[in-house]
Structure formats: structure tokens, C-alpha cells
1. What list of ³J(HN,Hα) couplings, whole Hz, do you get for region 86-92 from phi and the Karplus terms 6.51, -1.76, 1.60, once you set θ to phi - 60° and write x for glycine and proline?
2. Over the Cα atoms of the chain, what Rg and Dmax result, in angstrom?
3. Please list, or write none, the lysines whose alpha carbon is within less than 28 Å of the alpha carbon of residue 8, excluding same-chain residues fewer than 8 places away.
4. Subtract the Cα-Cα distance of residue 69 and residue 85 from 0.36 nm times their separation in residues, and report this length gain in nm to one decimal.
5. What percent does the relative contact order of region 6-73 come to when contacts are Cα pairs within less than 8 Å and at least six residues apart?
6. Roughly how many nanometres apart are two label points built 7 Å out from the Cα toward the Cβ at residue 7 and residue 96?
7. Return 87, 19 ranked ascending by Cβ neighbour count within 10 Å, so the fewest neighbours appear first.
8. When 27, 98, 56 are ordered from fewest to most other Cβ atoms inside 10 Å of their Cβ, what list results?
Amino acid sequence: MRLPLELKELFTEWLRTHVPDMADHVLNQVRETRGGGLYDAEFKTRMKGTGQRAELLAQRFEIACKRLNLNNQRPQEFGMDGSQFSVPPPEPKPGDQLRLF
């Protein structure tokens, strides 16, 4: 979970409003994976987290991926279809009429 800048205050406020009885517990769990803070901007850890809780979550995620056979599937097996993609038109100039459809 990434909570940079004003997002950590927004998230904290949202928790305290919607689940006040669990807000401190949730925030403490996030801090456990972020070296005591709600956000770690370090390149190698900002998307991973550190510590025992982060390792446990990574193990649970890996087990779930194996159980659901998500590690071996190719993008086309997920129903992704690139044939509908088209290169977007160039940026319109000021005053150009934009297409509706």
C-alpha cells in the first residue's frame, strides 16, 4: 500500500470515520511493514515493505497464486485482446474540433 504525501492523512481520516474501532490496529499494521511510518519512499522497499508481516503477506500471496494457477498463465489466457488497440490520434491543437465518437 502506498500512502505518500497527503494520502496518509486522507487514509487515516477515512479509517477513523468509517471503522473507528479498527483504525489504530490497521495503521499499526501498516507501520509494521514500513519501519514505523505510514510510507517509505525508498526505491527498493516502497512497493514491498519490510519485516515479518510483509514476509507473511508475500508468502500468503504466493500460495494463493499457486492455488489459483496464476503464475503459469499467459496474458491471452486472461481474455486480453490486443487486436482492438489502435494508436491514439495526435494531440489536438487549440481550436481543433474534437471527435465525439
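Taken together, the values in this text are just the output of simple stated rules run on the coordinates, not laboratory data. Small disclaimer: the values here were computed from a predicted structure and weren't measured. Counting neighbours? That spans all protein chains shown, and the Cβs are built from the backbone with ideal geometry, glycine included.
1. 9, 5, x, x, x, 4, x
2. Rg and Dmax of the chain, Cα atoms, are 20.9, 57 Å.
3. Within reach: 44, 48.
4. The span from residue 69 to residue 85 would gain 3.0 nm if fully extended.
5. Reported as a whole number, the value is 20 percent.
6. Modelled inter-label distance: 3.2 nm.
7. The fewest-first ordering by Cβ neighbours comes to 87, 19.
8. By the 10 Å Cβ count, ascending, the order reads 98, 56, 27.
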